[in-house]
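The values are calculated or read from the model by the stated rules, or taken from the named source; none is laboratory data. The shown structure was predicted, so the numbers you read here are calculated from the model rather than taken from an experiment. When we count neighbours, we look across all protein chains shown, and the Cβ atoms used for this are built from the backbone with ideal geometry, even at glycine.
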Amino acid sequence: MRKFLVVLDDSPESLNAMRFAAIRASKTGGGVEILAIIAPEEFQHWIGVAEVMRAEAREKIEAHFQIFKERMEKVEGVTPTLAIREGEKVQALIDHIGKDPEIGVLVLGANAKGDGPGHLVSELVGRRSGSMPVPITVVPGGLTKEAIIADS
(Lines give C-alpha, C1' and ligand atoms only; values in the text may rest on other atoms or scores of the structure.)
Protein backbone atom coordinates (compact mmCIF):
# COMPACT_ATOMS: atom_id res chain seq x y z
CA MET A 1 0.00 0.00 0.00
CA ARG A 2 1.30 3.45 -0.89
CA LYS A 3 1.59 5.71 2.13
CA PHE A 4 1.51 9.48 2.34
CA LEU A 5 4.06 10.67 4.91
CA VAL A 6 3.33 13.82 6.92
CA VAL A 7 5.55 15.44 9.55
CA LEU A 8 3.86 16.21 12.86
CA ASP A 9 5.08 19.40 14.49
CA ASP A 10 3.58 22.46 16.15
CA SER A 11 3.26 24.43 12.92
CA PRO A 12 -0.15 25.38 11.53
CA GLU A 13 0.98 24.30 8.06
CA SER A 14 1.32 20.70 9.24
CA LEU A 15 -2.46 20.67 9.77
CA ASN A 16 -3.04 21.46 6.09
CA ALA A 17 -0.56 18.77 5.10
CA MET A 18 -2.35 16.20 7.28
CA ARG A 19 -5.74 17.13 5.90
CA PHE A 20 -4.48 16.89 2.32
CA ALA A 21 -2.75 13.54 2.96
CA ALA A 22 -5.84 12.06 4.61
CA ILE A 23 -8.10 13.12 1.74
CA ARG A 24 -5.71 11.82 -0.92
CA ALA A 25 -5.21 8.53 0.92
CA SER A 26 -8.95 8.09 1.24
CA LYS A 27 -9.52 8.74 -2.46
CA THR A 28 -6.67 6.51 -3.66
CA GLY A 29 -6.88 3.63 -1.19
CA GLY A 30 -3.56 4.59 0.37
CA GLY A 31 -2.44 5.08 3.92
CA VAL A 32 -1.11 7.92 6.02
CA GLU A 33 1.92 7.80 8.24
CA ILE A 34 2.59 10.63 10.65
CA LEU A 35 6.24 11.16 11.55
CA ALA A 36 7.26 13.06 14.67
CA ILE A 37 10.90 13.95 15.12
CA ILE A 38 12.42 14.75 18.49
CA ALA A 39 15.42 17.05 18.16
CA PRO A 40 18.54 15.88 20.04
CA GLU A 41 19.19 19.31 21.53
CA GLU A 42 16.10 18.85 23.68
CA PHE A 43 18.05 16.30 25.75
CA GLN A 44 21.35 17.99 26.57
CA HIS A 45 20.98 17.36 30.30
CA TRP A 46 22.02 14.75 32.80
CA ILE A 47 21.07 11.25 31.73
CA GLY A 48 18.18 10.90 34.19
CA VAL A 49 16.71 14.27 33.28
CA ALA A 50 17.14 13.57 29.56
CA GLU A 51 15.25 10.26 29.86
CA VAL A 52 12.35 11.95 31.66
CA MET A 53 12.25 14.70 29.00
CA ARG A 54 12.35 12.11 26.21
CA ALA A 55 9.43 10.22 27.78
CA GLU A 56 7.46 13.46 28.19
CA ALA A 57 8.11 14.39 24.55
CA ARG A 58 6.84 10.98 23.41
CA GLU A 59 3.72 11.29 25.56
CA LYS A 60 2.97 14.72 24.07
CA ILE A 61 3.48 13.37 20.54
CA GLU A 62 1.23 10.38 21.18
CA ALA A 63 -1.50 12.63 22.63
CA HIS A 64 -1.39 14.91 19.56
CA PHE A 65 -1.38 11.88 17.27
CA GLN A 66 -4.55 10.49 18.90
CA ILE A 67 -6.40 13.72 18.06
CA PHE A 68 -5.38 13.56 14.40
CA LYS A 69 -5.98 9.81 14.22
CA GLU A 70 -9.53 10.12 15.52
CA ARG A 71 -10.28 12.94 13.08
CA MET A 72 -8.86 11.07 10.08
CA GLU A 73 -10.80 7.93 10.99
CA LYS A 74 -14.05 9.81 11.52
CA VAL A 75 -13.90 12.21 8.57
CA GLU A 76 -11.85 10.38 5.91
CA GLY A 77 -12.07 6.75 6.98
CA VAL A 78 -8.28 6.51 7.11
CA THR A 79 -6.37 5.13 10.10
CA PRO A 80 -2.91 6.70 10.22
CA THR A 81 0.16 5.16 11.78
CA LEU A 82 2.69 6.97 13.96
CA ALA A 83 6.47 6.85 13.74
CA ILE A 84 8.72 8.68 16.18
CA ARG A 85 12.37 9.36 15.39
CA GLU A 86 15.10 11.25 17.16
CA GLY A 87 17.69 13.39 15.45
CA GLU A 88 18.15 16.38 13.20
CA LYS A 89 14.81 16.92 11.47
CA VAL A 90 15.81 16.82 7.80
CA GLN A 91 18.19 13.89 8.12
CA ALA A 92 15.79 11.89 10.32
CA LEU A 93 13.06 12.43 7.73
CA ILE A 94 15.25 11.32 4.83
CA ASP A 95 16.46 8.28 6.79
CA HIS A 96 12.89 7.31 7.65
CA ILE A 97 11.76 7.52 4.03
CA GLY A 98 14.74 5.42 2.97
CA LYS A 99 13.81 2.63 5.38
CA ASP A 100 10.16 2.31 4.36
CA PRO A 101 9.51 1.33 0.72
CA GLU A 102 5.74 1.81 1.16
CA ILE A 103 6.13 5.59 1.52
CA GLY A 104 5.14 6.93 -1.87
CA VAL A 105 4.74 10.67 -1.26
CA LEU A 106 6.01 13.16 1.29
CA VAL A 107 3.39 15.82 2.03
CA LEU A 108 4.66 19.10 3.46
CA GLY A 109 2.79 22.24 4.38
CA ALA A 110 4.26 25.57 3.33
CA ASN A 111 4.36 28.46 5.74
CA ALA A 112 1.44 30.84 5.27
CA LYS A 113 3.44 33.83 6.52
CA GLY A 114 5.60 35.92 4.24
CA ASP A 115 8.92 34.83 5.72
CA GLY A 116 9.60 31.88 3.42
CA PRO A 117 7.99 28.49 2.95
CA GLY A 118 9.45 26.96 6.11
CA HIS A 119 12.61 25.05 6.96
CA LEU A 120 11.57 21.62 5.70
CA VAL A 121 10.13 22.90 2.43
CA SER A 122 13.19 25.08 1.78
CA GLU A 123 15.62 22.27 2.55
CA LEU A 124 13.86 19.38 0.84
CA VAL A 125 12.30 21.08 -2.16
CA GLY A 126 15.25 23.38 -2.72
CA ARG A 127 18.62 22.01 -1.71
CA ARG A 128 17.93 18.28 -1.54
CA SER A 129 15.11 17.77 -4.03
CA GLY A 130 17.29 15.92 -6.52
CA SER A 131 18.25 13.30 -3.95
CA MET A 132 14.80 12.64 -2.48
CA PRO A 133 13.65 9.05 -2.98
CA VAL A 134 9.95 10.02 -3.22
CA PRO A 135 7.93 12.87 -4.76
CA ILE A 136 7.11 15.82 -2.52
CA THR A 137 3.72 17.50 -2.47
CA VAL A 138 3.73 20.99 -0.95
CA VAL A 139 0.39 22.23 0.35
CA PRO A 140 0.21 26.04 0.44
CA GLY A 141 -0.21 27.30 3.99
CA GLY A 142 -2.89 29.79 3.04
CA LEU A 143 -5.31 27.19 1.64
CA THR A 144 -8.57 26.92 3.47
CA LYS A 145 -10.06 23.60 4.51
CA GLU A 146 -12.61 23.95 1.73
CA ALA A 147 -9.94 24.59 -0.89
CA ILE A 148 -7.96 21.54 0.22
CA ILE A 149 -11.08 19.38 -0.02
CA ALA A 150 -11.91 20.77 -3.47
CA ASP A 151 -8.36 20.35 -4.80
CA SER A 152 -7.75 16.86 -3.45
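What the table shows:
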read-out	value
All positions within region 101-118 that are in contact (Cβ under 8 Å) with a residue 24 or more places away in the chain and surrounded by fewer than 15 Cβ atoms within 10 Å (Cβ to Cβ)	Glu102, Lys113
Residue check for Lys145: modelled with pLDDT of 75 or more, basic (Lys, Arg) and surrounded by 10 or more Cβ atoms within 10 Å (Cβ to Cβ)	yes
Single residue of region 57-81 satisfying the filter (surrounded by fewer than 17 Cβ atoms within 10 Å (Cβ to Cβ) and of a type in the set (A, V, I, L, M, F, W, C)) that is farthest from Arg19 (Cα to Cα)	Ala63
Some residue of region 80-100 being within 29 Å of Ser131 (Cβ to Cβ) and among the polar types (S, T, N, Q)	yes
Enumeration of residues in region 100-142 that are hydroxyl-bearing (Ser, Thr, Tyr) and modelled with pLDDT of 80 or more	Thr137
Qualifying residue in region 25-41 (condition: out of contact with any strand residue (DSSP E or B) (no Cβ under 7 Å at 6 or more places or on another chain), modelled with pLDDT under 90, part of a helix (DSSP H, G or I) and not hydroxyl-bearing (Ser, Thr, Tyr))	yes
